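S.K.: Would you mind keeping the following structure in view while I ask a few things?
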Amino acid sequence: MLITFSGLDGAGKSTLIAFVSATLEGERRTVRVLHLNDDVGIYAFVRAVRDRLRGRRPLELAPGTPDPRSQKLQRAAPGGWRGVASRWRTLIIWNKPVRRLLYLIDLAIFQCYRIWLEMVRGRVVIMDRYFYDTLVDVTNGRPRLWTRLLEHLTPEPTVPVFLDITPEESFRRKREFSIDYLQHRANVYHSVFARVPGAVRLVNTDLERTKAALLDVLHARGGDA
């Protein structure tokens with residue numbers, strides 16, 4: 001069983017993932033939570049190798065912290081050769097053809113995770129962000145040919161959850177990006193999830209109601225098996 005959570009920063013993904021994990025474990029289900037950007041794919045592997053070579057512990061981002069591959073962090077660029085390297089890194093990260101290639105590689109890596117965790121270990125896999133979030137990063141929400149191809153290749157979750165909050169609420173909770181930027185992302189999220197089979201859209205304005213609605217969906221789709 002694969003459960004995924006997507007949405008703007010501050011939508012409540014971490015809170016609901018903790019709730020679902022505890023609930024399923026209480027029903028004697030074994031759960032594994034993965035973060036798309038921290039645990040799966042090329043970027044996560046490269047960062048882990050870099051940290052190991054530098055003798056650092058892996059960076060643990062607080063819930064909702066933007067991923068440097070998918071969002072521009074608002075900080076001053078370093079000077080000198082580090083500044084040049086940083087600018088080249090940014091150009092690569094934001095190069096859409098490169099990111100489409102990484103998307104395909106990450107999909108292959110993720111499928112290996114699923115085979116091991118779901119089929120071999122019998123675990124419920126919960127994703128904090130999913131490839132649908134990556135599609136939001138690299139598209140304008142328009143159903144172009146390559147967008148359709150990536151959507152077609154993306155494994156369909158058992159329960160793909162889209163936590164829908166307003167840009168104003170996201171800004172109030174995180175205060176990291178402008179409302180205009182968040183509005184654009186919200187529009188693309190709606191466009192992407194309009195094409196996701198079985199998508200569960202939850203307007204997360206009342207946490208207890210959201211939890212109840214989510215449990216209903218999980219049990220209906222096999223969460224109590």
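We did not get these values from a lab; they are worked out from the coordinates using the rules stated. Quick caveat: nothing in here was measured; it's all calculated off a predicted structure. FYI the Cβ positions are ideal-geometry reconstructions off the backbone, even for glycines, and counts take in every protein chain you see.
S.K.: For segment 157-225, what is the convex hull volume of its Cα atoms per residue in Å³?
M.R.: 89
S.K.: Quote the FRET efficiency, to the nearest 0.05, computed for K174 versus E208 with a Förster distance R0 of 25 Å and r equal to the Cβ-Cβ distance.
M.R.: 0.70
S.K.: Using +1 at the Cβ of each Lys and Arg and -1 at the Cβ of each Asp and Glu in segment 108-177, identify which of P155, W116, F171 lies farthest towards the dipole's positive end.
M.R.: The residue sitting farthest along the positive end of the dipole is W116.
S.K.: Quick one: 3J(HN,Hα) in Hz for segment 130-136, Karplus 6.51/-1.76/1.60 with θ = phi - 60°, rounded, Gly and Pro as x.
M.R.: Karplus-based 3J(HN,Hα) across segment 130-136 equals 9, 5, 5, 5, 5, 4, 4 Hz.
S.K.: So between V217 and R52, what do we pick up on full extension, going 0.36 nm a residue minus the alpha carbon distance?
M.R.: Full-extension gain reported as 55.3 nm.
S.K.: In nm, give the distance between the simple-model label positions of A194 and C112, each being 7 Å from the Cα along the Cα-to-Cβ direction.
M.R.: Between A194 and C112, the label points sit 3.7 nm apart.
S.K.: Under 5 Å between amide hydrogens, which residues at least 5 positions from R201 or on another chain qualify, with H placed 1.01 Å from N in the peptide plane?
M.R.: Hits under the 5 Å cutoff: F162.
S.K.: Roughly what would the spin-label model give for D137 and V98, points 7 Å off Cα along C-beta, in nm?
M.R.: 1.3
S.K.: Another question, then. Would you pull out the residues with amide H under 5 Å of V33's amide H, same chain only if 5 or more places away, H placed 1.01 Å from N?
M.R.: I126
S.K.: Provide I165, I105, I3, I179 in ascending order of the number of other Cβ atoms located within 10 Å of each residue's Cβ, fewest first.
M.R.: Numbers: I165 21, I105 11, I3 27, I179 14.
Ordered from fewest to most neighbouring Cβ atoms within 10 Å, I165, I105, I3, I179 come out as I105, I179, I165, I3.
S.K.: If packing is taken as the mean number of other Cβ atoms within 10 Å per residue, what is the order of 106-118, 126-138, highest first?
M.R.: 126-138, 106-118
S.K.: Based on the Cβ-Cβ distance from F19 to L149, what FRET efficiency comes out when R0 is 30 Å, to the nearest 0.05? Don't skip to the end; give the middle numbers.
M.R.: Values: r = 35 Å, r/R0 = 1.16.
E(calc), rounded to 0.05, equals 0.30.
S.K.: Kindly state, as a whole number, the per residue volume in cubic angstrom of the convex hull around the alpha carbon atoms of segment 104-225. Don't skip to the answer; put the middle values down first.
M.R.: On the way: hull volume 14.6 nm³, N = 122.
Hull volume over Cα atoms, normalised by residue count, gives 119 Å³.
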